[in-house]
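Data block below; observations after.
The values are calculated or read from the model by the stated rules, or taken from the named source; none is laboratory data. None of these values were measured; they are calculated from a predicted model. Glycine also receives a Cβ, built like all others from the backbone with ideal geometry; neighbour counts cover every protein chain displayed.
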Amino acid sequence: MRTRACTEPRRRLCVLAGWAAFLACARAEESACPPACACSRDSGTVSCLGDGASGLPSRIPPWTSALIVRGRNVPTLQRDAFALANGSQSDVAALSLSANSIRAVEADAFAGLPHLRVLDLSHNRLESVSDGAFQGLGELRTLCLNQSIVPEAVAELAAALASGDLRGLHRLELAGNRLRSLPLAGLDTFRLLHQLVLVNNSIRSLGREDVSVLERQRRTRVYLARNPFRCACELGAFYWWLRNASQCPDAALLRCAEPEVRRGLPVERLRAEDVDCLNENLEAVSYVFLGIVLALIGLVFLMVLYLNRGGIKRWLNNIREACRDQMEVYHYRYEQDSDPRLANVAV
């Protein structure tokens, strides 16, 4: 009996020691750096750069605050792509996924990152963006999508931005995406948006509706350099907004691309009459009216000629007969002057 009483506590201690060792191994495994990645626990950074692997790194350490994944083949960001295995929430605050050949973002792809504040998806080729792609990112402050959107996916991106939890967004970068207009139909929902970067796109003009939205968002600074603006009368609303507002910090860098006579001219240096559609329409109407008047005058002239064709014919015949008589007189005098016999008689 004494032997059993002595062995039972030892067995319990062995079991507890085994569980402790297992938990320690599990924690060590969770805290280990993912394969082909560089980790810095002091700064909380995990970098997985250009190893040629496919997919996202697995088993991100729980102490990670900044995750950088670049140069991998990640065609699709699937639902819960960053969710932890034990179901707990990640503390990652900055996530960079640039240059990973991402083509699609599914709904709730970032649902496991509720504390994310910076998201960089630049230099990808997004062809499909789900409406719920940015769900669960209520604390996101900076979203970078430079050179990432194909033209066919612009409408999907606008819907995803409008339907996501991005009302606290401060900076949105959309440079180099060949955008032709503002991709934010519901820009009014971004009350805290401070910076909107639309540099190096294909924007030729901003319509009156877009300008009205920007006027309501007075705190938003819009960067529009290196866009091919068409400096004609349809630029009027944007031109006056640019002159009167101070929401475009790079206004001095905006240049005209069309028409040819104004190519390279700063948009700020345009004259008011260059973007005045009323004057342009009046000038066009005046040319049309002048053409109509000249056509009427020509028609009246032809009608007069037609109605007086008999008198005009007699008048032309009289002129012809007078010319013929005059030519006969000149011919007779010439014959007299050229005959030597007539000249001797005259002497």
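Points worth noting:
This table checks each residue for (1) modelled with pLDDT under 80; (2) among the aliphatic types (A, V, I, L, M).
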{"residue": "CYS231", "(1), (2)": "no, no"}
{"residue": "ASN244", "(1), (2)": "no, no"}
{"residue": "CYS256", "(1), (2)": "no, no"}
{"residue": "GLU260", "(1), (2)": "no, no"}
{"residue": "ALA272", "(1), (2)": "no, yes"}
{"residue": "PHE301", "(1), (2)": "yes, no"}
{"residue": "TYR306", "(1), (2)": "yes, no"}
{"residue": "ARG314", "(1), (2)": "no, no"}
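- When ARG219, ARG191, ARG226 are checked against the criterion of being surrounded by fewer than 19 Cβ atoms within 10 Å (Cβ to Cβ), closer than 26 Å to THR142 by Cα and under 14 Å from the mean Cα position of the chain (by Cα), ARG226 stands alone in meeting it.
- Test result for ALA155, surrounded by fewer than 21 Cβ atoms within 10 Å (Cβ to Cβ), in the same structural domain as LEU187 (by TED's automatic domain parsing) and outside any loop (DSSP other than H, G, I, E, B): yes
- Any hit, the stretch 193-203, residues being touching a Ser or Thr at 6+ places or on another chain (Cβ under 6 Å), of a type outside the set (D, E, K, R) and assigned by TED's automatic domain parsing to the domain that holds ALA153: yes
- Among residues of the stretch 84-135, those that are on the phi > 0 side of the Ramachandran plot and modelled with pLDDT of 90 or more, counted: 4
- Qualifying residue in the stretch 145-157 (condition: in contact with a helix residue (DSSP H, G or I) (Cβ under 7 Å, 6 or more places away or on another chain), in contact (Cβ under 8 Å) with a residue 24 or more places away in the chain and among the polar types (S, T, N, Q)): no
- Some residue of the stretch 171-180 being out of contact with any His (no Cβ under 8 Å at 6 or more places or on another chain), part of a loop (DSSP other than H, G, I, E, B), at pLDDT 90 or above and within 19 Å of THR45 (Cα to Cα): no
- Check on ALA160, in the same structural domain as ALA257 (by TED's automatic domain parsing), in a loop (DSSP other than H, G, I, E, B) and surrounded by 19 or more Cβ atoms within 10 Å (Cβ to Cβ): no
- Reported count of residues in the stretch 235-257, each being surrounded by 14 or more Cβ atoms within 10 Å (Cβ to Cβ) and over 20 Å from ARG216 (Cα atoms), is 5.
- The single condition from (1) in a loop (DSSP other than H, G, I, E, B); (2) at pLDDT 95 or above that LEU143 fails is (1).
- The stretch 247-271, subset under 17 Å from the mean Cα position of the chain (by Cα) and of a type in the set (Gly, Ala, Ser), residue farthest from CYS231 (Cα to Cα): ALA251
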